[in-house]
1. Calculate one ³J(HN,Hα) per residue across segment 394-399 by plugging θ = phi - 60° into the Karplus curve 6.51 cos²θ - 1.76 cosθ + 1.60, and present them in order as whole Hz with x for glycine and proline.
2. When all protein chains stay in place, what accessible area (Å², nearest 10, 1.4 Å probe) is found for Arg39?
3. Can you work out the Karplus-derived ³J(HN,Hα) for every residue in segment 367-382? Use 6.51 cos²θ - 1.76 cosθ + 1.60 with θ = phi - 60°, whole Hz, and x for glycine or proline.
4. Taking 0.36 nm per residue of separation and subtracting the Cα-Cα distance, what length does fully extending Lys52 through Lys305 add?
5. How many nm separate the modelled label positions at Thr125 and Cys154, each set 7 Å beyond the Cα in the direction of the Cβ?
6. Rounded, prolate or oblate: which fits segment 463-627 when a ≥ b ≥ c are the square roots of the eigenvalues of the alpha-carbon gyration tensor, with rounded for a/c under 1.5 and prolate only if a/b beats b/c?
7. Given a 1.4 angstrom probe, what's the average accessible area per residue across the chain, in square angstrom?
8. With θ set to phi - 60° and the Karplus curve 6.51 cos²θ - 1.76 cosθ + 1.60, what are the ³J(HN,Hα) couplings of segment 45-57 in order, to the nearest whole Hz, using x for Gly and Pro?
Amino acid sequence: MNYIWEVVGRHPTGQQPTGAETIQKLCDRVASSTLLEDRRDAVRALKSLSKKYRMEVGTMAMDHLVRILQTDRADTEILGYALDTLYNIVCSDEEEEPEENQQKQEEDLGVQFTDKFIQEPDNITLLLTLLEEFDFHVRWPGVKLLTALLKSQCAPVQGIILVSPMGVSRLMDLLADSREVIRNDGLLLLQQLTKGNTAIQKIVAFENAFERLLEIITEEGSSDGGIVVEDCLLLLLNLLKNNSSNQNFFKEGSYIQKMKPWFEVGDDNSGWSAQKVTNLHLMLQLVRVMVSPVNSPGATTSCQKAMFQCGLLQQLCTILMATGVPADILTETINTVSEVIRGSEVNQDYFASVNAPSNPPRPAIVVLLMSMVNERQPFVLRCAVLYCFQCFLYKNHKGQGEIVATLLPSTIDANSISAGQLLCGGLFSADSLSNWCAAVALAHALQDNLTQKEQLLRVQLATSLGKPPVSLLQQCTNILSQGSRVQTKVGLLMLLCTWISNCPIAVMHFLHNQDNVPFLTGQISENLGEDERLVQGLCALLLGICIYYNDNSLENYTKEKLKQLIEKRIGKENFVEKLGFITKHELYSRAAQKPQPAFSTPEHMLFDHEFTKLVKELEGMITKAVLRSSEEEKKEEEVKKTLEQHDSIVTQYKELIREQDSQINELKEQVTLQSSQNEKLQNTITQQFSQIQQHKDQYNILKLKLGKDNQQTGNQAEAAHVNGLQPEELSQLREQLEELQRQNQLLQTQLTEKDSLITSLSTTLQSQLQIAFQQTTSISISKS
């Protein structure tokens, strides 16, 4: 500390100056000294005091430090001291661990000084300019200071950088710095800069960030790399998450293909370091960002296609079936594979063909389902497997058929375990979580697939020796009536609702059992506890589906009789209230947000995402169907029939109009053709008239000449040679003239006929257009 006293001067003996006094003198020295060395020493002294006297230095010295940055640009040493001092003011000392209250005060102080610094936007612009200085003692503290400012007041600093000319580009240059410490801190700076700002994320991406970050990841050893790889991956996540433009740029730049080597793991997977686990976890998250269900369907599909074509999906499936992979990596890999195959037929078919390296080989789906129904497996792993199974069946009618087929009597193989057997085992096990998972998985095998709903009605189960088999549908209702746990009941009710919705045959099978309707009405009418209210709501939904999709094939359980039963035993208003318990449940809205099952504890595992869609679709329709009286229903049926008849009439008129349009077009073509022919005939007649006139003129001239010659000579023999023409030739000319006159008469007749036909066609066309107009007008009036 001696140099501080040398700068501020010695005090009289016994008078020790306070920290504030010392700092004030140093500030005066910075402001007034004309020698660079004096100012440098004063700033160095302020730096040494800035941690201990953070408040005082920040309050008194900040303006002087900024002025130093503006005026002493030529001296890198004083710039470094000033930047370090500003960093200490804005950022609390990270080496110490202050108490909670003290830490809050330190953070508030940092925010206060950050606000003061950025009140003048030119200060940030000045800092960006200083970052172009290559000197380590300027660039590194400049990077740290800007990072601290972003951490403290992210949005305002982002706004200033965004409007600063070449602001983001200057920061991107940090990734090209050969000094690793600056490059690595540059990564941290860009992480803060890109948080939640789509515009900056786009600029960073178009500044070739993807290429450079992937290069650094490869240089640092990919998943085996250190903290730098983690920082690169975090920055990539910032750039891609919820940014469709950057995601498209990443895909179009063929960067998905460059991710494949990240997931090449060896046979020996023992002893993974914590850093490798973290790195691979982030890499998997990066894949998921590109194929997330929240992305636009077109973008997701193209990324899924690219991941299959480059072998990335195959590589992920290899990790899935490998041994020794840490549990959390295995779980995240299952979730990643789920979203890579979700809704993609090619990827789903490939996943169905993957076999586990067991003896004998088993399908990967079967191995995963074994984990899902095993209560000893971790909860998060079981959730991941369920999600994978759901994604495999999403919009996959072929896969749904294959799963249901493993339950049918004709396809059961006693020597091997099938997916259907595992689901049935889970459905009826003593573990309520297995019951729920198996019920939801089986419901997804029936989702929007009427054929499989009907096929599943054929499944028969052997309950015990000596007793006849029962249908799967009946066994589900039997377990419901035996007083199972709430989670089991909820799972089975969701399965039954999915199964019989939009399937009148399944509704008939369900109602055929005389015990089912009394059980449902009994459950709905009772006053049960809070936990059972959801079960009541689902029972109401199931009974409502039995009404809405009832084809009245069972005399005792027609739509009208079921409604009368509700009114008598439950009450219509009470029924609707109980039905509303489903959507009012706190966990319903959480499950409705995204497809992936995300539950903090097994007890919270109650709703399935696809089922929430079904409830949303059916609740209003069922409420309307139950509250309608029989008279209203009859009226509605009559209106419906009338509308159908009206639609049929409209359809007939549309067909008639189409036919008339076709006829009109044909008539128009005929008119055009006849007009063309008429024009040609007119031209021909005109030519014939011209020829006839020429021949007449020649004939008259010859006739005159011939008469004159006869009078002069009186010699008939010589007259025949007038103008070199013989009598035979004169005779031929007369015949040609007569023939031309006949042709002219014929053409005149044809022309008259064509005119008559054109007039007739025009009249027909006008009448057809008038009829079509009248019919269109009458249809519009009837619709209104």
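The values are calculated or read from the model by the stated rules, or taken from the named source; none is laboratory data. Just so it is clear, the structure is predicted and the values come from calculations on it, not from any experiment. Note that we place each Cβ from the backbone using ideal geometry, even for glycine, and neighbour counts take in every protein chain shown. To get the accessible areas, we keep the full protein, side chains included, count just its heavy atoms, and leave off ligands, DNA and RNA. Shrake-Rupley method; radii C 1.70, N 1.55, O 1.52, S 1.80 Å.
1. 5, 6, 10, 5, 5, x
2. Roughly 40 Å² of Arg39 is accessible to a 1.4 Å probe.
3. 4, 5, 5, 4, 6, 5, 9, 9, 5, 7, 7, x, 4, 5, 5, 5
4. Values: separation 253, 0.36 × 253 = 91.08 nm, distance 5.84 nm.
Here the answer is 85.2 nm.
5. Those two pseudo-labels are separated by 2.6 nm.
6. Values: a/c = 1.56, a/b = 1.17, b/c = 1.34.
Judged from the Cα gyration tensor, segment 463-627 comes out oblate (a/c at least 1.5, b/c at or above a/b).
7. Details: 39570 Å² over 784 residues.
Spelled out: the 1.4 Å probe surface of the chain, per residue, equals 50 Å².
8. Karplus-based 3J(HN,Hα) across segment 45-57 equals 5, 5, 4, 5, 8, 5, 7, 6, 10, 4, 4, 5, 5 Hz.
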